[in-house]
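To start, the structure under review is shown below, and the notes come after it.
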Amino acid sequence: MRIPGKTYEPKDIEEAIYNKWLERKYFHAVVDKDRKPFTIVIPPPNITGQLHMGHALNNTLQDVIIRMKRMQGYSALWLPGTDHASIATEARIVEAMKEEGLTKADVGREGFLERAWEWNEKYGSRIIEQLKKLGSSCDWDRLRFTMDEGLSKAVTAVFIKLYDKGLVYKGERIINWCPVCSTSISDAEVEYDEKEGSLWHIKYPLKDGGFITVATTRPETMLGDSGIAVNPKDQRYADLVGKTVVLPLMDREIPIVADDYVEMEFGTGMVKVTPAHDPNDFEIGMRHSLEIIKVINDDASMSERAGKYAGLDRYEARRRIIADLQALDLLEKTDRHVHNVGACYRCGTVIEPLISKQWFVRMAPLAGPAIDAVKDGDIDFIPARFIKIYLNWMENIRDWCISRQLWWGHRIPAYYCDGCGATIVQAKTPEICPYCKGTSIRQDEDTLDTWFSSALWPFSTLGWPDETPELDYFYPTDVLVTAYDIIFFWVARMIFSGLEHMGEIPFRHVMFTGLIRDELGRKMSKSLGNGIDPLDVIEHYGTDALRYALLAGSAAGNDLRLSDQKLQAGRNFANKIWNAARFVLMNFDDEPDFTKIDKARFTEADKWILSRLNNTVREATDNLGKYELGIALQKVYEFIWEEFCDWYIELAKPRLYDHDSEGRLEAQFVLNKVLGDSMKLLHPFMPFITEEIYLGLFGSDESIMISKWPGYDEGLDYGREEEAMALVMGAIRGIRNARAEMNVPPSRKARMIFVVKNKRTGEILTNAKAYFIKLAGASGIAVRENEEGIPPNAVSVVMDGATIFMPLADLIDIGREIERLKAEADRIDNEIARANGRMGNPNFIAKAPRELVEAENSKL
């Protein structure tokens, strides 16, 4: 046994302990058919990333789960990795190049990719080292990167497989275009926010005379209108279907068509159809063979098809178009209008829906099985309320645009023959065209959406498309821990990818985390300046305190408030445990021989704490199994702090201090057992301090993280003793509260008379005499069945099954207390007289500030 130092200093132990864990390969999971596997794949952080509190929470939750499973005997794999993050990383590199006065065009594709790989080399491992600071017990020997050779092979294999099945295709569709990132983005990457704008009612002249009115929030797109649509059931416009109008400002005739998409109640019941700039209009245009006219360029300027507005920025064009319509008396009215505006999730720029030729994944055949897997309960969402959100998105999903106009990422394995125009999709660059035998072949310039590779993460990281032992053993994974804001980006795509390519779900449970907020409930952000750097917290409080603060009171899917008070509470808990361990070890013999204990000498307190430990083991294990991590931590915390430290250690002290006590060895055994198992229960949450105490307690070099998780033992179920100690502790609390109300100093002792209602209560209280003397300030106790002989001025405390009486003269000096109370009464009388004088003064009421008058009245 080794006694811990006087004070707990996290800096002195954390790094050394973590390095020892790494050296001994404790985190490494192996294929072992004799053990059950348990697998978690990490949500791969971006190589541009800096550890933030969201990372800290997410990875702490995963670490708690994997540490417990490892102790339960599973071959527990937590597989780590990083994501190349194409848009974000490319943007960072472009910004860095600007400082050198360079552009992408200056360095060329190959030169740019060299810089990107250098970036990955420099920054890719940074966040990994930061995750290690959190105590993350990932299998670092299996670290993966979304663009490493194996994962790139998987991406290519999936693209080719889906293409061959007709599920990947290239075609002209409306896509979301970011003018700043200069690339297409998927529907999931568009963030919508309600904005107050305008709804302009524009008059379109009918060719045969008269006008119709169309309402729009985007007048700049009217230059690309190729039709007007009305609902076929709308009798107001039935006679107009088939006629034409003259497009204002462009003098081009466009038809009026009938389409069920139009909502009769919205606006005028007529909608302009701009197939090149709206996904719904595109569908209408396809149904009615309307012309597709692109009037906005990729940089958000107006195109040549925009006539005199060509070259203008889209918003400047809007301003001029409105002015020109007003001048022509074609603007009927303008209403204020609140509507959803989509922006790029990376840079926040308002996206532009544009017609573009891109690569897509046909989603309907893939979405069906993924919907069924969640509906049927094969995949469990925690909390279940996120199922509705998932199903709503999946059941209304559009084809997924997967091509990006970027250089950093997985290049699309499609090749074009300049000779015959054929498209060839294969893993390697073809030397000759299989159709015309030509040799002028070029690869598609685009790269794949980052999420295309991330969607394969649960199986590509285990070696797919090769049939590896790891893939066979560790897949499907058990639980995914992720933020709810990427349910569409990542979770949904992993589900349909796993089902399509593996024939199995990728994970059995999905545990969603919430957002980290400050103590006022605000989302942490740079603009508010309320962000907290986890590494700063670790430096100041230690890793265990941070982990405690992140998990205390947490619940899956709920946002979490983080405050300095919670961090201090974590540090205080660590100090409490440290001091308790010091006390226990300082009161052990050099080598106590626990083979000599006699369980017959166990006191009620011994049996009580063993039974409470047993129940805590059962309850916390059950909570952890249901991913109720915050509840599990709270139960372990309450047991250690309140029951073990505040009660049992105090109850055991008389036997520990008396070296001739008959039950001293038994008290030491119970302390050893409870402290050791408590540290095991706490270890997944606070790994460093528990490791240090455990090694000191057992004088071993064998880590707590590979020790056996405590199990429930029916032999330690002492219900009768739990009931008895609950009665005793309730009595002690009642006595302490009564003494505190009268400001009785701890040194003042009092006789205590217990009037009991039944024999069992009397026996319990009589047997607990030593506890009342030690913990409740009793000079002695008497137990009786009636109130005969109770002093008339005794203080009473009512409890279940008994009433406790304490003579007032034993608690206080009655004469001095009466003097003190008289002095207090005189002071209060004077204050009342003073306040009445002020409140009775008309000048004070009329002239004093209202707040002062109210305060004075409240005081009175």
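The values are calculated or read from the model by the stated rules, or taken from the named source; none is laboratory data. Keep in mind that this is a model prediction, so the values were computed, not measured. Cβ coordinates were reconstructed from backbone atoms using ideal geometry, including for glycine residues, and neighbour counts include every protein chain displayed. Please note that ligands, DNA and RNA were not included when accessible areas were found on the heavy atoms of the full protein model with its side chains. Shrake-Rupley method; radii C 1.70, N 1.55, O 1.52, S 1.80 Å.
Brief remarks on what is shown
- Overall, the stretch 741-825 carries a charge dipole of about 320 debye about its Cα centre when +1 sits on the Cβ of Lys and Arg and -1 on the Cβ of Asp and Glu, all other atoms neutral.
- Straight-distance crosslink candidates among aspartates and glutamates, where the alpha carbon sits under 14 Å from Lys859 and sequence neighbours closer than 8 are dropped: Asp829, Glu831, Glu851
- Distance from the Cα centroid of the stretch 491-540 to that of the stretch 736-779 is 51 Å (rounded to whole angstrom).
- Contact order for the stretch 367-443, expressed relative to its length and based on alpha carbon pairs under 8 Å spaced 6+ residues apart, stands at 21 percent.
- Karplus-based coupling profile of the stretch 370-387, in residue order and whole Hz: 5, 5, 4, 4, 7, 4, 7, x, 5, 10, 9, 8, 10, x, 5, 5, 7, 4, with θ = phi - 60° in 6.51 cos²θ - 1.76 cosθ + 1.60 and x standing for Gly or Pro.
- With an a/c value of 1.5 or above and a/b not larger than b/c for the gyration tensor axes a ≥ b ≥ c computed over the alpha-carbon atoms, the stretch 295-451 is described as oblate.
- Burial order of peptide ranges 805-814, 631-640, 58-67 (average beta-carbon count within 10 Å, highest first): 58-67, 631-640, 805-814
- Summed over all non-identical Cα pairs, the Kirkwood treatment of the stretch 524-577 gives a radius of 11.8 Å.
- Relative packing of 573-581, 432-440, which averages over residues the other C-beta atoms within 10 Å, highest first: 573-581, 432-440
- Computed over the stretch 675-730, the ratio Rg/Rh where both radii use C-alpha atoms and Rh is Kirkwood: 1.13
- Cross-link partners of Lys357 among lysines, defined as those whose alpha carbon lies under 17 angstrom from its own and excluding same-chain residues fewer than eight positions apart: Lys170, Lys294.
- Per principal axis, descending, Cα span of the stretch 621-692 in whole Å: 47, 22, 17
- Farthest positive-ward along the stretch 318-384 dipole, Cα basis, beta-carbon charges - from Pro369, Ala343, Leu331: Leu331
- Against the empirical 2.2 N^0.38 Å (N residues), the stretch 86-131 has a Cα radius of gyration ratio of 1.22.
- The alpha-carbon atoms of the stretch 55-104, seen along their principal axes, cover 57, 19, 15 angstrom, with the largest extent given first.
- Calculated [θ] (222 nm, deg cm²/dmol) that DSSP helices of n ≥ 4 give over the chain, each run adding -39,500 (n - 2.57): -13000 deg cm²/dmol
- Debye intensity ratio I(q)/I(0), log10, the chain, q values 0.11 Å⁻¹ (C-alpha model): -1.27
- Put the Cα centre of the stretch 239-284 next to the Cα centre of the stretch 1-77 and the gap is 60 Å.
- His28, His339, reordered so the largest accessible area comes first (probe 1.4 Å): His28, His339
- The translational diffusion coefficient of the stretch 44-193, from Stokes-Einstein at 10 °C and 1.306 mPa s with a Kirkwood hydrodynamic radius over alpha carbon pairs, comes to 86 µm²/s.
- When the pairs Lys596/Lys673; Lys607/Lys708; Lys596/Lys653; Lys596/Lys635; Lys207/Lys272; Lys599/Lys749 are compared against a 24 Å limit on Cα-Cα distance, Lys596/Lys635; Lys599/Lys749 fall above it.
- Global form of the stretch 139-185, assessed from the alpha-carbon gyration tensor, a/c cut-off 1.5: oblate
- Radius of gyration over Kirkwood radius for the stretch 1-47, both on Cα atoms: the Rg/Rh ratio is 1.14.
- Both the radius of gyration and Dmax for the stretch 572-725 are 14.9, 47 Å, in that order, over alpha-carbon atoms.
- For the stretch 1-110, the alpha carbon positions stretch 65, 45, 25 Å along the principal axes, listed from largest to smallest.
- The chain: antiparallel DSSP beta bridges as a percent of all, rounded to 5: 70
- Surface accessible to a 1.4 Å probe, per residue, for the residues of the chain, Å²: 45
- Sulfur and carbon atoms: percent of accessible area, the stretch 623-701 [1.4 Å]: 45
- Under 23 Å between alpha carbons - lysine pairs in the stretch 61-156 that sit 8 or more apart or on different chains: 6
- Given R0 = 51 Å, the distance between the Cβ atoms of Glu121 and Asn558 translates into a calculated FRET efficiency of 0.85.
- Overall form of the stretch 435-535 per C-alpha gyration tensor (a/c, 1.5; a/b vs b/c): oblate
- When only Cα pairs below 8 angstrom with a gap of at least 6 residues are kept, the stretch 1-107 shows a relative contact order of 32 percent.
- Only protein atoms count toward the accessible area here, which uses a 1.4 Å probe; on the stretch 254-400, the carbon and sulfur part of that area reaches 48 percent.
- Computed accessible area, Ser858, all protein chains, 1.4 angstrom probe, square angstrom: 100
- Heavy atoms of Asp329: accessible area, 1.4 Å probe, square angstrom to 10: 100
- The value for the stretch 314-365 of Rg(Cα) / (2.2 N^0.38 Å) is 1.74.
- Relative contact order for the stretch 744-811, counting Cα pairs under 8 Å that sit 6 or more residues apart, in percent: 45
- Carbon plus sulfur fraction of accessible area for the stretch 124-175, probe 1.4 Å, in percent: 48
- With distances taken between every two different alpha-carbon atoms, the stretch 601-651 has a Kirkwood hydrodynamic radius of 11.4 Å.
- Ranked by the mean number of other Cβ atoms within 10 Å of their residues, highest first, the peptides 583-592, 79-88 fall in the order 79-88, 583-592.
- The stretch 640-707 and the stretch 334-382: distance between their alpha carbon centers, rounded to Å: 53
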